[in-house]
Amino acid sequence: MTSALTLTRTTIGQKVVVAVTGLILFGFVIGHFLGNLILFVGPEAFIDYGWTLKHNPPLLWGTRITLLVAVVTHIGLTMSLARRNASARPSRYKKAREDQVTSYAARTMVISGPLLAGYILFHIAHFTAPGLAFGGAEFDHVNIYANVVSSFNVWWVAAIYVFANAMLGLHLFHGAWSALQSVGAQHPRYDSIRRNLAIGLAVMVAGGNMMIPLAVRGGLVGDAEQLRAAAEHAEELRAEAGMLTGDHDDVSGEELE
Amino acid sequence: MSDDTIDLKLFVWRQEGPDAPGDFQDYSKYAKGVSTHASFLEMLDLVNERMSADGERPIVFDHDCREGICGCCGAVINGIPHGPQKQTTTCQLHMRQFENGAEIYVEPFRAGAFPIVKDLMVDRSSFDDIIQAGGFISVRTGSAPDANEIPIPKESADASMDAATCIGCGACVAACPNASASLFTAAKLAHLNMLPQGQAERYKRTRLMIQAHDDAGFGGCTNHRECEAACPKGISTDFIARANRDLLVATVTGKDGRLV
Ligand code: HEM
Ligand code: FES
């Protein structure tokens, strides 16, 4: 008998699951990147965006649970596949085998992956729970604009984000192309664009995310006036929520749909 | 044609048996005055003759057709399976590809699923196991069928033929960072799965051959495409995507042994 469950019995089947979970994470990373760009629209828009997401429990928890399941499955299967692959050549080449065509990104997937895992944990602790502040600032669950600006004013926090997004770019480049291959999305007519598509998406997401710490450090985002507007807007939201606690959640939930 | 000869700094892997320790030996003294018109295997023949004359055990290496079609020969030459020339088997590699005084390291294809028999010769019967698992079509073999009895679109026939150029040498495994035989398996699958005659057993074949591949201890594919670069026939990794798709269909729909 064969069924979907037997997929994980073969290395290819496991790779398909890695690819599907990877693509789920990839989809999230694209959405997250687009959301991040709202920072450039202005402090109010960015704070509203965060507020809206946080006040939509089905969306928030649906996403969180999906991502948790995806990332745990992704890491579990890639690690077991990587172990198997490492043991498939017990006697190593004595004169090193020369790579001909593979990419740096492909060779470092098992390094960029775990680095991303570490970054994800730091990132969640930093901006979500419990929320960390750097450079003498205080963390504010509503004024996320101020959190971003004060954190990236600390050079090493900005450096961590730039470095982590470089890792993300590498992982996405090989990951996106590899995932298409793993799920068999191949057709002679489109094969030539698959790699360029992967490069384009990886550069867009990683480059776009990197722009945020760089823009803060370059003084393009987060001047005194913007920070004042952000603080005011956060206070407004707080006051508003205090008045209409009950229906506020419903309204923002409907708006989102 | 010139009668150039070259002197080589030749280092060859010597190993008595599968579990014996092995090492590179310096055979430079036997590798002088090699004709640039000699093939790589003819160079090894010459070295072996000189070694025999000296009472040394000749280097063991696999070979048969010596014209690049049987898939018997193969060694990793300076870190590249079948050596530096693209789409060329070891037997078709010629010494004019090397400079006078070149350093050449020769070692066997290495993979857990390819135990070393002796020196450069490896046991590739794990490939036979993969073929036996499904690399055939079950038909009554009687008299030859009429030509063109079964219409086959030209594109399918061509693609299937591209896959069928696989000579099963194992360079893909040797080149793969994971010692995976995905390209071999995928080529053998596409060869049959893309033709009308191969449809009846398509999904069952895919599942069984991929299972046999894993059971033999080969690694999995991580899409480095080193196999394609090393393949003496230049077989494309697109066939691996095809095999993946067929496996997905086979497992998710349980289509084993059925056409639609
Ligand atoms: C932002 C989060 C992540 C995204 C978007 C992502 C995406 C992907 C994608 C699309 C693939 C290709 C799937 C395939 O063809 O098999 C992949 C492969 C892989 N991922 Fe991730 N991943 C993420 C996080 C991680 C983490 C945290 C780890 C490890 C701790 C990891 C380790 C790997 C490994 C080892 C592979 C296989 C590499 C290979 O085939 O050579 N990934 N990832
Ligand atoms: S000896 Fe037949 S392919 Fe080289």
Fill in: A:Ala125 being away from every other protein chain (no Cβ under 14 Å) and within 9 Å of ligand 1 (Cβ to nearest atom)
no
Discussion item. If I filter region A:186-198 down to residues being of a type in the set (A, V, I, L, M, F, W, C) and modelled with pLDDT of 90 or more, which single residue comes out as farthest from ligand 1 (Cβ to nearest atom)?
Written reply: A:Leu197
Discussion item. So, A:Trp61, is that one more than 16 Å from ligand 2 (Cβ to nearest atom), among the aromatic types (Phe, Trp, Tyr), open to solvent by 70 Å² or more (accessible area, probe 1.4 Å) and more than 14 Å from every other protein chain (Cβ to nearest Cβ) or not?
Written reply: yes
Worksheet item: For B:Ala230, all conditions in the list (1) farther than 21 Å from A:Met79 by Cα; (2) at the interface with chain A (Cβ under 10 Å from one of its Cβ atoms); (3) away from ligand 2 (no atom under 16 Å from the Cβ) hold save one; what is the number of the exception?
Response: (3)
Discussion item. Looking at region A:4-20, can you tell me whether even one residue there is away from every other protein chain (no Cβ under 14 Å) and either within 16 Å of ligand 1 (Cβ to nearest atom) or in contact (Cβ under 8 Å) with a residue 40 or more places away in the chain (or both)?
Written reply: no
Worksheet item: For region B:225-257, how many residues are in a loop (DSSP other than H, G, I, E, B), open to solvent by 20 Å² or more (accessible area, probe 1.4 Å) and in contact (Cβ under 8 Å) with a residue 40 or more places away in the chain?
Response: 6
Item to complete: Kindly check whether there is at least one residue in region A:94-108 that is within 15 Å of ligand 1 (Cβ to nearest atom), facing chain B (nearest Cβ under 10 Å) and touching a His at 6+ places or on another chain (Cβ under 6 Å).
Response: yes
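The values are calculated or read from the model by the stated rules, or taken from the named source; none is laboratory data. Note that the structure is a prediction, hence the values are computed from the model and not measured. Counting neighbours? That spans all protein chains shown, and the Cβs are built from the backbone with ideal geometry, glycine included. To get the accessible areas, we keep the full protein, side chains included, count just its heavy atoms, and leave off ligands, DNA and RNA. Shrake-Rupley method; radii C 1.70, N 1.55, O 1.52, S 1.80 Å.
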